[in-house]
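**Student:** Here's a structure for you.
The values are calculated or read from the model by the stated rules, or taken from the named source; none is laboratory data. This is a predicted model, so every value here is computed, not measured. Neighbour counts are summed over all protein chains in view; Cβ atoms, including those assigned to glycine, are modelled from backbone coordinates with ideal geometry.
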Amino acid sequence: MRFDTLSDLKNYKNEISQKQDKGKEIWICGGPGCVANGSMAIAEEFIKALGNKSSSDENTSLWHSIKVLIRPEEKETEKLIRTGITGCMGPCENGPVVHVEPDGLYYQKVTVDDIEGIIGSIKENIPYKAKAMSGLDDKPAEVPSAENIPFLAKQKKIILGKMSTMSPLDLEDYIAHGGYSGLIRALESMAPEEICNEIKASGLRGRGGGGFPTGVKWESCRNSASEMRYVLVNGDEGDPGAFMDRALMEGDPYSVIEGLTIGAYAIGSSEGIIYVRHEYPLAVKRLANAIKNLEEAGLLGTNILGTGFDFHVEICEGGGSFVCGESTALMTSIEGKPGVPRVKYIRSTERGLWESPTVLNNVETWANVPHIITNGSEWFRSIGTENNSGTKVFALVGKVKNTGLVEVPMGTTLRQIIYDIGGGVAQKRPFKAVQTGGPSGGCLPASMLDTPVDFDSLTEAGSMMGSGGMIVMDDRTCMVDIARYFIDFLVEESCGKCVPCREGLKKMQMILHDLTNGKGREGDTKALEDLAEDISDTSLCALGQSAANPVLSTIKYFKEEYIEHEKEHFCRSGVCQGMFRIKIDEEKCKSCGLCSKNCPADTIEKLDSGKYCIKQEGCIRCGACFEVCPFSSVDIVNEVIDDD
Amino acid sequence: MGEIDRIAEILHKHRQDPRYLLAILLDIQESENYISIEAMRTVAEHLGISESRVFAVVTFYRALSQKKKGRRIIRVCTGTACHLRGSAAVLQELEKQLAIKTGGVTEDGEYTLETVNCVGACALAPVVTSGENSFGRMGPSKAAELLAEGAFA
Amino acid sequence: MIEITINDIPLKVEKGTTILHAAQANGIDIPTLCNHEGLTLDGNCRLCSVEIEDMGNKKIVASCMFPITRNISVETETERVRRARNTVLQLLVNRNPKAPIIQQLCAKYGVDREERFALEPDLCIRCGRCVRACEAGGTKAIELVGRGFDRHVAPPYELETDACIGCLSCATVCPTGKITYEETPGKRKIWYKEFDVLQCKRCGIYFATKEMLDWAGRPENDRDHCNHCQKYIESVKFLTESQKK
């Protein structure tokens, strides 16, 4: 497959779209969650069951022939069927997930034992009930298609749209699913300035967290006089609890590269670099495979589609450093130096990589570009809200029932995401907070659940969009401990260049460790607040400037917890060691004995009354009783309890 | 093939440009499990850059190490989702089972125990990885069992 | 020329001038540490923080690196600046209590060391002036290595290195006296390495290490005199010769 001219590619696209009967497809989710759940082995078994001996990752999309029943006529017809591995489909909690096309059916928690059943159901043309994905009320959906599954129905998948229905390896698949329409339109009928204007008009803002208007960035780079310009992909997704970019790079690498190619054409660049986090080896592999295929197909390289446009893409692997997600540090790292940020009073669009004008956008931002160019800025602006157009992908994780990868229009509220899509807090525990924006973001309490999720509202609320991690916390999460967790993380990841971040975070860490170790002192909360403000004022780069957010937002919304840690040395969430006692409320105890059975220290005894009681002397405060009690009769208290 | 030959092969694979310093060092790390002073000297000379720059890069990036790592690296994810779901206890248990501290190598040189910020499998938190394999929904006892079964080997 | 104000004083400055230079040229005092006029800028100590108002936004910037490109107003003594400066000094004195320059600055701005957050005393403030000086000389013998709190200055592998020529540029620009060396007649020791220092056959001073002259490309048979005497001898020779003519 090689396209030497624009019409070559257009003809090829026409041919595919005219193909009527596309046959049946069984897609096995190859997202990180499902893979860890053994989906690769299931895929191999599917291939074997369909009669293909070769089962390597590369050879999964072969077509086989099976007999399928046509209903209601009840007659049989020959159909082609193939099976393959996709990127992340989203419902990670219920993996391994299997998706059958073109029927659009989703199956969850699939095991090798379901393979026969699923293939049988395809032959019979009916859903496979046993593993149908959960519909309303958690019961298996009658017809498990997206609209009947709350987790999927409430999403708007544009960026993730193709990911459940194609192989991330095959360029043919990508093109068959609408890929490269954007580049065709750009090269055929748009001047580079027009593309910049179209992106500007779309209102697309940087999905890496900053929310800077992408089109403005492109234009400013285009207008910087230079012979060399660079386009970069920031795939250094370092926020703990975020895997959107990983999913995109692994599951739909071609769309990222198509966006990058359009961007390069728009700003006049011939060299692109994709900076990928070292911890994502599969993303590197998939991107490298995509680049190789695109070069062979003539969609990367010199004189692309006969238009005279040259564009080369390279991958640069990170070395395990969070600060390299910061734009100037990322560029320093690409240059082969320690990833230390530079003072940026002059923008990268004027002087960036190797002192040349550079556009750096996040993975998801680039993936938006082909859609905008294909469908127009007006279409894009019709999704989302006024100043926040389009969708945003989130990694919904933590103590939420349906963890997974979700995509929603900007402006969807936190409540809709967490409750309607996520199914609420896991194990029906009370909601305490949701953390967005990673270590640069903040924690928002229940009172803020109706905040629309967009760049401006989240910043106003004291958190931040960030790249899209959304971590749900329940009442067993200590907010002071969470602040300590993030500051520990940042101390570890600070590059150490500027004084406030290097020394200031260390001091914050000392205070937070005292607070969570029962050594808090009067005035610590205030000291933290002051120091946090000064660090964000004086730090050199975005890491330091936003490092205070986890502390400031938790103090803002959960001050009482800080005060308890500071003055009473008490942790109400039962997290900070030695700072709480556990007691069974005799009133509420129903004498079921579950606590006693599950106590690893064997220190819960049955009283004469039939109720249970914790002997404090042996209690290791692990919280096992707390977890298992069906009647919420185990309390965390701040009092000295005497063993009688 | 000795270390010197393997490094020569790695150098040959990359373009002779200082921008590939990190890429070369990552390859050496993977091949040798550490980066020796000899290796740093060779790379500096090959790329025509100062040894201090190579040393600065090696000491800056966590993926590079001057101490030889174990043949297998067990990584406990300490991302936020894993932290919330108890990764600290898993790490503690593995430290106990392997009788090493995080960052250390077992006496037989088999395992290195490390933490990782996030592996992007948050839905299965807490997660432990070994090589390219991930193990989800870990708990202290499950981790100990898997280790004993040799699942991490 | 661009019109700005510093502490409400109207000034006209060349486009691209840094705030620090504009202030210094007009007698306005801004404390600095990592800045050194002979070296490239780095902006890492943040002590020179000032508050600017730029198109309606007030923010703290590092005056040593901020280039003036449009009308801004600068304040060097607001409450916010004072807090920023004192926090930086506070953090420094907690780790670098014995550095004279830090002691002086703390005395000047009224900052005391906090016992509770006192760290193991160190003289290095990681400003990297030494590294920039070494780089400016082209030797690149030392670097800031490690990261975060452990970042520090070292030669490659923390061992003696061929790259070091014993020129003492690093020690000369160090603001705190962290970089020390031993000097005895004919010998010099710095960064784990011992150098022979050549003596001038005319004036008798110990003027350079052999490695410095190698680096400068001075021929081996022409190393008897220090720079000063060398010039003197050359000019005497020149004068005598021209007189002869």
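**Student:** Which members of the stretch B:16-56 meet the condition of being more than 24 Å from A:Arg277 (Cβ to Cβ) and more than 14 Å from chain C (Cβ to nearest Cβ)? Working first, answer last.
**Tutor:** So the first thing to find is which residues in the stretch B:16-56 are more than 24 Å from A:Arg277 (Cβ to Cβ), and the list is B:16, B:36-38, B:41-42, B:44-46, B:48-52.
Residues satisfying the conditions are B:Gln16, B:His46.
**Student:** Identify the residue in the stretch A:478-488 that is buried (at least 24 other Cβ atoms within 10 Å of the Cβ) and either within 14 Å of chain C (Cβ to nearest Cβ) or in contact with a Lys or Arg (Cβ under 8 Å, 6 or more places away or on another chain) (or both) and, among all such residues, is nearest to A:Leu512 (Cα to Cα).
**Tutor:** In this case the residue turns out to be A:Ile487.
**Student:** B:Gly86: touching a residue at least 40 places away in the same chain (Cβ under 8 Å) and among the small types (Gly, Ala, Ser), yes or no?
**Tutor:** Values: touching a residue at least 40 places away in the same chain (Cβ under 8 Å): yes; among the small types (Gly, Ala, Ser): yes.
So B:Gly86 passes the test.
**Student:** Which helices (runs of 4 or more DSSP H) sit wholly inside the stretch A:1-74 and have at least 2 residues that are away from chain B (no Cβ under 14 Å) and either at pLDDT 90 or above or over 19 Å from A:Leu282 (Cα atoms) (or both)?
**Tutor:** Values: elements: A:6-18, A:32-36, A:39-49.
In the stretch A:1-74, the matching helices (runs of 4 or more DSSP H) lie at A:6-18, A:39-49.
**Student:** Consider the stretch B:137-153. How many of its residues are surrounded by fewer than 24 Cβ atoms within 10 Å (Cβ to Cβ) and either at the interface with chain A (Cβ under 10 Å from one of its Cβ atoms) or outside any loop (DSSP other than H, G, I, E, B) (or both)? Give the derivation first.
**Tutor:** Of the stretch B:137-153, the ones surrounded by fewer than 24 Cβ atoms within 10 Å (Cβ to Cβ) are B:137, B:139-142, B:144-153.
This time we only want the ones that are either at the interface with chain A (Cβ under 10 Å from one of its Cβ atoms) or outside any loop (DSSP other than H, G, I, E, B) (or both), so: B:137, B:140-142, B:144-149.
The number of residues fulfilling the criteria is 10.
**Student:** Among strands (runs of 3 or more DSSP E) lying entirely in the stretch A:551-644, which contain 2 or more residues that are farther than 23 Å from A:Lys526 by Cα and hydrophobic (A, V, I, L, M, F, W, C)? Please lay out each step first, then the result.
**Tutor:** Working: elements: A:581-584, A:604-606, A:612-614, A:634-637.
It comes to A:581-584, A:612-614, A:634-637.
**Student:** Identify the residue in the stretch B:115-126 that is at pLDDT below 90 and not aliphatic (A, V, I, L, M) and, among all such residues, is surrounded by the fewest Cβ atoms within 10 Å (Cβ to Cβ).
**Tutor:** Looking at residues that are at pLDDT below 90 and not aliphatic (A, V, I, L, M), I get B:Asn117.
**Student:** Can you tell me which residue is nearest to the chain's Cα centre (by Cα) among those in the stretch B:98-123 that are more than 14 Å from chain A (Cβ to nearest Cβ) and aliphatic (A, V, I, L, M)?
**Tutor:** The qualifying residue nearest to the chain's Cα centre (by Cα) is B:Leu113.
**Student:** Have a look at B:Arg75, B:Arg62 and point out the one that is within 15 Å of the chain's Cα centre (by Cα) and within 30 Å of C:Asp162 (Cβ to Cβ).
**Tutor:** Working: B:Arg75 fails: within 30 Å of C:Asp162 (Cβ to Cβ).
After applying the criteria, what remains is B:Arg62.
**Student:** Go through the stretch C:132-175 and count every residue that is farther than 24 Å from C:Asn96 by Cα, of a type in the set (S, T, N, Q) and part of a helix (DSSP H, G or I).
**Tutor:** At the first step, the residues of the stretch C:132-175 found to be farther than 24 Å from C:Asn96 by Cα are C:135-141, C:156-157, C:159-167.
Remaining after also requiring of a type in the set (S, T, N, Q): C:139, C:161.
Keeping just the survivors that are part of a helix (DSSP H, G or I) gives none.
The qualifying residues number 0.
**Student:** Given the criterion surrounded by fewer than 14 Cβ atoms within 10 Å (Cβ to Cβ) and over 23 Å from the mean Cα position of the chain (by Cα), identify the matching residue among A:Glu124, A:Glu147. Working first, answer last.
**Tutor:** On the way: A:Glu147 fails: over 23 Å from the mean Cα position of the chain (by Cα).
One residue alone meets the criteria, A:Glu124.
**Student:** Another question about this same structure. Within the stretch A:280-311, which residues are over 23 Å from A:Glu172 (Cα atoms) and crowded, with 23+ Cβ neighbours inside 10 Å?
**Tutor:** Filtering the stretch A:280-311 for residues over 23 Å from A:Glu172 (Cα atoms) gives A:280-281, A:308.
Answer for the stretch A:280-311, where residues must be over 23 Å from A:Glu172 (Cα atoms) and crowded, with 23+ Cβ neighbours inside 10 Å: just A:Tyr280.
**Student:** When you scan the stretch B:68-76, do you find a residue that is under 27 Å from B:Gly136 (Cβ atoms), assigned to a strand (DSSP E or B) and away from every other protein chain (no Cβ under 13 Å), even just one?
**Tutor:** Here is the first cut: in the stretch B:68-76, the residues under 27 Å from B:Gly136 (Cβ atoms) are B:69-76.
From the residues that got through so far, the ones that are assigned to a strand (DSSP E or B) too are B:72-76.
Retained after the next criterion (residues that are away from every other protein chain (no Cβ under 13 Å)): B:72, B:74.
Checked the stretch B:68-76: at least one residue is under 27 Å from B:Gly136 (Cβ atoms), assigned to a strand (DSSP E or B) and away from every other protein chain (no Cβ under 13 Å).
**Student:** Quick one: what pairs do we get from the stretch A:594-615, first residue acidic (Asp, Glu), second part of a helix (DSSP H, G or I), C-beta under 9 Å, 6+ apart or different chains?
**Tutor:** These pairs meet every condition: A:Asp602/A:Ser596; A:Glu605/A:Ser596.
**Student:** Report yes if C:Lys58 is more than 30 Å from C:Ala171 (Cβ to Cβ), out of contact with any helix residue (DSSP H, G or I) (no Cβ under 6 Å at 6 or more places or on another chain), part of a strand (DSSP E or B) and within 11 Å of another protein chain (Cβ to nearest Cβ), otherwise no. First the steps, then the outcome.
**Tutor:** Numbers: more than 30 Å from C:Ala171 (Cβ to Cβ): yes; out of contact with any helix residue (DSSP H, G or I) (no Cβ under 6 Å at 6 or more places or on another chain): yes; part of a strand (DSSP E or B): yes; within 11 Å of another protein chain (Cβ to nearest Cβ): yes.
It is true that C:Lys58 is more than 30 Å from C:Ala171 (Cβ to Cβ), out of contact with any helix residue (DSSP H, G or I) (no Cβ under 6 Å at 6 or more places or on another chain), part of a strand (DSSP E or B) and within 11 Å of another protein chain (Cβ to nearest Cβ).
**Student:** Can you tell me which of B:Thr102, B:Thr112, B:Thr129 is buried (at least 23 other Cβ atoms within 10 Å of the Cβ), closer than 30 Å to C:Val145 by Cβ and in contact with a strand residue (DSSP E or B) (Cβ under 6 Å, 6 or more places away or on another chain)?
**Tutor:** Working: B:Thr102 fails: buried (at least 23 other Cβ atoms within 10 Å of the Cβ); B:Thr129 fails: buried (at least 23 other Cβ atoms within 10 Å of the Cβ).
One residue alone meets the criteria, B:Thr112.
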